[in-house]
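The values are calculated or read from the model by the stated rules, or taken from the named source; none is laboratory data. Computed from a prediction, not measured in an experiment: that's the story for all the values here. Cβ placement follows ideal geometry from the backbone for every residue including glycine, while neighbour counts extend to all protein chains displayed.
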Ligand code: GLU
């Protein structure tokens, strides 16, 4: 049997691979990669008895430090080839690596490396580094998920631009705005960073090699682009190896991506085994390229085992001058591409194109307790975000029960005030007010304890460019010196970016506080006020025209022609009481409510007189009624009635609380908003030009200025309401310039926000906040002092619209009487013409001639000669004493006795 097998054994020994397989390593990039290469070889050799995948594989590492000189590298490769090796690992340098690649291609020698390569081509060497294109996908996805519309890329070299080319492609004229900033040659990158800061670019992608990344981040923080308002993404897969503690508490939103998961068991085991050789204390310090080199050797060993199992081949000593190649080289490369294993860099697997596939990248966010995994990308089309990276948490999770909060308040009436008491008080008992009550109610509802702390300087908080931080109460919240802040603290977009607010517990807007308008001194002609000028002119016109019409109608109306006093039997002429003078007198007598002795007799004149009297009745009563109101109401005058008029008034100064949201509102118009409406911008410039004088430190100082000077204080309507309840000589002028609210501030992403929000909403819904407002605004501390009892109605002058109907009645009456007098005249002419036996026409002409002869008042009685046809009525016609009714003359005889 042995004899039978011996030739086979001898044959396999003769043709089989040697027991020790040599592999060459070329290293030009420090010792880290060389070290992992050598430890990986040692680990394979150790494992060959335990691990079936590595059974009987014994590697001998021929590692060499090389420079970046191509010729020298060429000589080294030839030397290695001459000794009979199975593969070449490295180097890292692009130029020399490509040179090594071409030699290996010629000799069909497997070339294995691990470096970022922009133009990786299929079929050449084996690169364990994830493909450049695949890597750029993840940054593109990050930008999409973060919804960055505008961002800047701070880059080191052209490789950076290749790495971020997908992001650059996002640019379009109306959508994404992308700013590119080249880091420069260093060592100071601050100049370009300052440009980013001045351009107010908040979203920044930093692409630099790990060698300078620490310095770049340090300088970025110094310049101030690593603050709470910035969002940073770093593209280096090694960023987790840096000391990020200095940025942990800066509030910066810092995101990065890692290939090596330090919490992975394989990683932890390998690092634990080699930590002394590698000089690492923690798996998170392991960089990608050395780790990939470790994995490369492991993968090679497994592939070699498979080759050895499949083929009985041998390594070959090759000469660079010859034309020989290693016939098993490509098979070995193919076995490597087909192998799969779990390594330091996750799953090592290649796709059909020969590029690494199915690897996983973790998305990390820098939090106060270090780097946190917030998402994961696994060669898919989207990032899987971890549920715990989503901000909202349930109330149960973040119960406020028995927690103690430091609550910042400010002494600002009525939100926070010192209690007025003769007793010595301590702790929270010292304070009272609207804000204090709200916190009390919230604590009852949520079960937390609190300690009030007063903001002594009354600064609520704004971003200070010079200090490069938030000031006041908000600064303290951000620096963790307090948990909550409550006062008349307005929610603004700038503040919302720095801290979190609850829902607004009160709504308000900017308005103007100014002295109450002064009363006008009574005018000499105030008796004219009840009617507008138009009505007065119409009244005069009516008086004149009615008088003239009365005169005319009186002349036309036959009944107005009377036998003059004393009555004679056969009067030669008749008299008319409506002479021109009498007509004027009659109308003025009625309007003055005095009457006259003239009494109209004819139906038409009476009709006219009636309508005139009715007109007078209504006009006089309206005048009297309105006069009473005018004499009691005082008219007030204000120098301005809105903000535009205030802006145009050069004699009145105006201002707002320094550093407050009101001033911010005007500042925004001056610096941010592009608008044709320049009033607010001009107002801001004016305020800033006299800042010392017109910008008081708090509302109380503003009020004092209003009371003492020609000064209008721009403040919030809720505070104006509070002041006008107590100071009766100031008032709100004009409407609201904007609409906003007060909220309780807390640290950004505070876990208590949701619970506090819900509680504030509940307080609002229960009506408690309204009750508290009534208490602190109108009841406590002198509220309601200036409330006027009963609304005082303002009298307004009567316009033509109010009394137009009276004029109409007068006009209709006048028209009717005119019409009627014509009928009367015609009737009389017909009667006369019959009686006197004259033609109607003749009599009509005679009458008209007389009427138009205005100067002759007595009217001659026309009687034809020989006419005896006189009626009784005619002989006694109109025998009246001047201006009176016809007396009844009774003739009595002595027989009657
Ligand atoms: N409520 C303002 C603020 O939160 C202060 C008062 C004002 O600016 O009118 O800054």
A careful count of residues in the range 813-841 that are over 30 Å from residue 542 (Cβ atoms) and surrounded by 13 or more Cβ atoms within 10 Å (Cβ to Cβ) gives 9
Going by the conditions given, is residue 609 more than 57 Å from the chain's Cα centre (by Cα), under 30 Å from residue 809 (Cα atoms), part of a loop (DSSP other than H, G, I, E, B) and away from the ligand (no atom under 16 Å from the Cβ)? no
The helices (runs of 4 or more DSSP H) lying wholly within the range 463-581 that contain at least 1 residues that are within 16 Å of the ligand (Cβ to nearest atom), without any contact (Cβ under 8 Å) to a residue 40 or more places away in the chain and surrounded by 17 or more Cβ atoms within 10 Å (Cβ to Cβ) are 472-478
Restricting attention to the range 65-103, the residues that are in contact with a strand residue (DSSP E or B) (Cβ under 7 Å, 6 or more places away or on another chain), under 23 Å from residue 336 (Cα atoms) and either in contact (Cβ under 8 Å) with a residue 40 or more places away in the chain or not in a helix (DSSP H, G or I) (or both) number exactly 12
Those strands (runs of 3 or more DSSP E) completely within the range 271-381 that have 3 or more residues that are surrounded by fewer than 18 Cβ atoms within 10 Å (Cβ to Cβ) are 370-377
Result of the Cβ filter at 6 Å on the range 711-737, keeping first residues that are under 17 Å from residue 414 (Cα atoms) and partners that are assigned to a loop (DSSP other than H, G, I, E, B) and within 15 Å of the ligand (Cβ to nearest atom), at least 6 apart or interchain, is 717/509; 717/736; 722/414
Here the residues within the range 118-131 that are at pLDDT below 85 and within 29 Å of residue 385 (Cα to Cα) are 118
Subject >> Test result for residue 149, surrounded by fewer than 18 Cβ atoms within 10 Å (Cβ to Cβ) and closer than 30 Å to residue 199 by Cα >> reply: yes
Within the range 144-160, the residues that are free of Cβ contacts under 8 Å to residues at least 40 places away in the same chain and under 26 Å from residue 215 (Cα atoms) are 157, 158
Residue 358: passes all of (1) without any contact (Cβ under 8 Å) to a residue 40 or more places away in the chain; (2) under 14 Å from residue 112 (Cα atoms) but (2)
Considering only the range 385-393, I want to know if a residue exists there that is at pLDDT 85 or above and either touching a helix residue (DSSP H, G or I) at 6+ places or on another chain (Cβ under 7 Å) or in a strand (DSSP E or B) (or both). yes
Within the range 225-260, of all residues that are in a loop (DSSP other than H, G, I, E, B), under 18 Å from residue 203 (Cβ atoms) and in contact (Cβ under 8 Å) with a residue 40 or more places away in the chain, the one farthest from the chain's Cα centre (by Cα) is 235
By residue number, the members of the range 678-688 that are assigned to a helix (DSSP H, G or I) and under 20 Å from the mean Cα position of the chain (by Cα) are 679, 680, 681, 684
What about residue 419, is it more than 13 Å from the ligand (Cβ to nearest atom), within 25 Å of the chain's Cα centre (by Cα) and either surrounded by fewer than 20 Cβ atoms within 10 Å (Cβ to Cβ) or modelled with pLDDT of 90 or more (or both)?
-> no
Residue hits (the range 205-224; touching a residue at least 24 places away in the same chain (Cβ under 8 Å) and either more than 27 Å from residue 286 (Cβ to Cβ) or out of contact with any helix residue (DSSP H, G or I) (no Cβ under 9 Å at 6 or more places or on another chain) (or both)) are 212, 214, 215, 222, 223, 224
When the range 67-81 is checked residue by residue, the ones that are closer than 14 Å to residue 92 by Cβ and at pLDDT 90 or above are 73
For the range 82-91, the count of residues that are modelled with pLDDT of 90 or more and either under 9 Å from residue 26 (Cβ atoms) or buried (at least 23 other Cβ atoms within 10 Å of the Cβ) (or both) equals 6
Across (1) surrounded by fewer than 18 Cβ atoms within 10 Å (Cβ to Cβ); (2) outside any helix (DSSP H, G or I), residue 440 clears everything bar (2)
Quick check, is residue 675 at pLDDT below 90 and either under 26 Å from the mean Cα position of the chain (by Cα) or within 12 Å of the ligand (Cβ to nearest atom) (or both)? yes
For the range 612-662 the number of residues that are within 16 Å of the ligand (Cβ to nearest atom) and without any contact (Cβ under 8 Å) to a residue 40 or more places away in the chain is 1
